[in-house]
Amino acid sequence: MNANLKESISENAVTQFLGQETVPMFIGGQFVSPEGCKTIDVVNPSNAEKLTQIFAGNATQVDQACKAADKAFKTSNWATMPVEQRSALLMKLADLIEENAETLGALESLDVGKPLAGAIEGEIPFSAGAFRYFAQVALDYDKYSDPLDVDGMDSHYVRVPYGVCGFIFPWNFPFLLLAWGTSAALAAGNTVVVKPAELTSLSTLYLCKLVKEAGIPDGVFNVVTGYGVDSGMPIAEHPLVRKMAFTGSPEVGRMIAETCGRNLLPLKLELGGKGAAVIFDDVDVKETAKSLAEIITSNTGQVCCTASRWLVHENIYEEFSSEVSKALGKTVIGNSHGDSTQMGPVVSEVQRQRILGYQQKGLDQNAELVVEGKALSPEGSEDGFYLTPSLLKGDSDNICFKEEIFGPSAFLVSFNDEDSAIDIVNSSSYGLANSVWTKDLDRAKRVAEKMVVGNAWINAHNVFAYGLPYGGVNLSGMGGGVNSLETFEDYLRGQTVARPLT
Ligand code: NAD
């Protein structure tokens, strides 16, 4: 990251945005500061300092947002305008996201603790891509079926938007997940009410300014901030919401699903994971070890689909263990705005204690320590929530092999043949993303297809592209996933139109 860029960031929109007494919500096209509403401190995980504060919203603001979204669906021309016009507005929003990448990336980096350059040059432009992709999908999409082949009927099928779609997001990729979810719903002609995570709401709130600037009608995009119980659940409970999408933990996903079930509200769930990487003995051990070390430390391991269960063929187990330990030890850990930082802090002290607590529980269940995870206080950022990556090894029934830790913590298990590797992989209750590493592409494809998982990757992990469906099965989610034509169709309801000819 060059010094000029940093300088320009610190003096511009970021400072102004953070300088607001409390960052307002966005309801019906207005920036709203509800009187008497409690607030939540927003903390920079790199130094534990307060950045600003947001409102702790409740059912009152959710009700206002849902009514505004419903009104916009029914009375603005968002749902009915020619698709060319709606897609042009979303393309304009994508342009504005790219033009504001430095500001958005800086906010994301300060809020979550992720390295600045990756946020500005990677996540933010990639997020803009979601709006572009779904704007194009909408343009190419024919909402009418051909006439149906039914005797005695003039009939066809048409797909129309639902109306108000509710979204609740987690804290690890606030902007990217917001883009992945809402872009499809908006492109299909719906209006949205969004509840970002209370820990990391800033980039979502900044987007509201760009939504307005793009000329998207008031009420189409609404944001209510706050804690889950107070401002998330009321969205799922609201009678005007017609489709719900939740991204987060399976525990909360289940609660949202129960609520939606009671109200017969259709729901999409993108939940947690416990990704496996199966590494055969024909790989370049050093290169593969380096890749896996990069994968588990990316976003400080706070990635739903990361590979944290490493199944390594017994012939290369010791060598891999040694190479990956060296690679993990080289990770440059520091302030999210540090020039050479590869891995920033975790998002909060609670998260740091959770990760270190898991390590202890794993050791209590007889795992062996290969690389110890420790709290860290880098010079100049002593109060931040830093820790070093960790690696345990042992049996596949260890708690650290089975449960999602959500940190830079991996677990090594050895295997001796393909079938036993697949059995171990599929012993997980999760089913988000796994990978297989081998030079034998026939074997790679065979193993990939036998994994019970939404995404099976070959010689790579964390593979995302627009047009490539991404979603989970079992504890990892249901309802179609993100980033594909199917996602767009998830935000359209089908309607049969029929006229008997007799
Ligand atoms: P979380 O489930 O604790 O919170 C997610 C969101 O739900 C937050 O906005 C939170 O405020 C809200 N929430 C919490 N309790 C609620 C309640 N009772 N009612 C309504 N809303 C409530 O998850 P998290 O800690 O923010 O994120 C980590 C989890 O998210 C991990 O399990 C991770 O794997 C998962 N995740 C999944 C994906 C995916 O695409 N599958 C992507 C990112 C993260």
Report task. Look at ASP417 and say whether it is without any contact (Cβ under 8 Å) to a residue 24 or more places away in the chain and more than 12 Å from the ligand (Cβ to nearest atom). Result -> yes
Query raised in the report: How about the stretch 440-499: which of its residues are small (Gly, Ala, Ser), touching a residue at least 24 places away in the same chain (Cβ under 8 Å), surrounded by fewer than 22 Cβ atoms within 10 Å (Cβ to Cβ) and in a loop (DSSP other than H, G, I, E, B)?
Result: ALA460, GLY467, GLY479, GLY480
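Per-residue answers, yes or no, for (1) touching a residue at least 24 places away in the same chain (Cβ under 8 Å); (2) more than 30 Å from ALA188 (Cα to Cα); (3) not in a loop (DSSP other than H, G, I, E, B):
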| residue | (1), (2), (3) |
| --- | --- |
| GLY36 | no, yes, no |
| VAL43 | yes, yes, yes |
| ASN47 | yes, yes, no |
| THR52 | yes, yes, yes |
| ASP63 | yes, no, yes |
| LYS71 | yes, no, yes |
| MET81 | no, no, no |
| MET91 | yes, no, yes |
| LEU96 | yes, no, yes |
**Report entry** Failed item in (1) within 9 Å of the ligand (Cβ to nearest atom); (2) buried (at least 24 other Cβ atoms within 10 Å of the Cβ); (3) of a type in the set (Val, Ile, Thr); (4) under 18 Å from the mean Cα position of the chain (by Cα), with VAL223 passing the rest
**Finding:** (1)
Query raised in the report: Scanning for something part of a helix (DSSP H, G or I) and touching a His at 6+ places or on another chain (Cβ under 9 Å), does the stretch 131-140 turn up at least one residue?
Result: no
Requested in this report: From the list ALA135, ALA184, pick out the single residue that is within 16 Å of the ligand (Cβ to nearest atom), within 30 Å of VAL112 (Cα to Cα), modelled with pLDDT of 95 or more and of a type in the set (A, V, I, L, M).
Outcome: ALA184
Report summary line: Going through the stretch 356-391 in order, the residues found to be hydrophobic (A, V, I, L, M, F, W, C), crowded, with 24+ Cβ neighbours inside 10 Å and either more than 24 Å from GLU294 (Cβ to Cβ) or in contact with a strand residue (DSSP E or B) (Cβ under 8 Å, 6 or more places away or on another chain) (or both) are LEU387, LEU391
Report summary line: Counted residues in the stretch 284-319 being in contact (Cβ under 8 Å) with a residue 60 or more places away in the chain and either in a strand (DSSP E or B) or over 23 Å from the mean Cα position of the chain (by Cα) (or both) come to 10
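Could you run through the stretch 262-304 and say how many residues are at positive phi and either away from the ligand (no atom under 16 Å from the Cβ) or touching a Leu at 6+ places or on another chain (Cβ under 7 Å) (or both)?
1
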Query - Number of the condition not met by GLU404 [criteria: (1) surrounded by fewer than 18 Cβ atoms within 10 Å (Cβ to Cβ); (2) touching a residue at least 12 places away in the same chain (Cβ under 8 Å)] - result: (1)
**Report entry** Total residues in the stretch 226-256, condition acidic (Asp, Glu) and near the ligand (Cβ under 8 Å from one of its atoms)
**Finding:** 1
Report summary line: Filtering the stretch 410-439 down to residues that are in a strand (DSSP E or B), small (Gly, Ala, Ser) and surrounded by 24 or more Cβ atoms within 10 Å (Cβ to Cβ) yields ALA410, ALA433, SER435
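Does ASP230 fit the bill of being in contact with a Gly (Cβ under 8 Å, 6 or more places away or on another chain) and of a type in the set (D, E, K, R)?
Spelling it out, ASP230 is indeed in contact with a Gly (Cβ under 8 Å, 6 or more places away or on another chain) and of a type in the set (D, E, K, R).
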Requested in this report: Return the residue satisfying two criteria in turn: it lies in the stretch 244-265 and is over 18 Å from PRO196 (Cβ atoms) and in contact (Cβ under 8 Å) with a residue 24 or more places away in the chain, and of such residues it is surrounded by the fewest Cβ atoms within 10 Å (Cβ to Cβ).
Outcome: ASN263
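The values are calculated or read from the model by the stated rules, or taken from the named source; none is laboratory data. Remember, predicted model here, so these are calculated numbers, not experimental data. Positions of Cβ are backbone-derived with ideal geometry, glycine not excepted, and every protein chain shown enters the neighbour counts.
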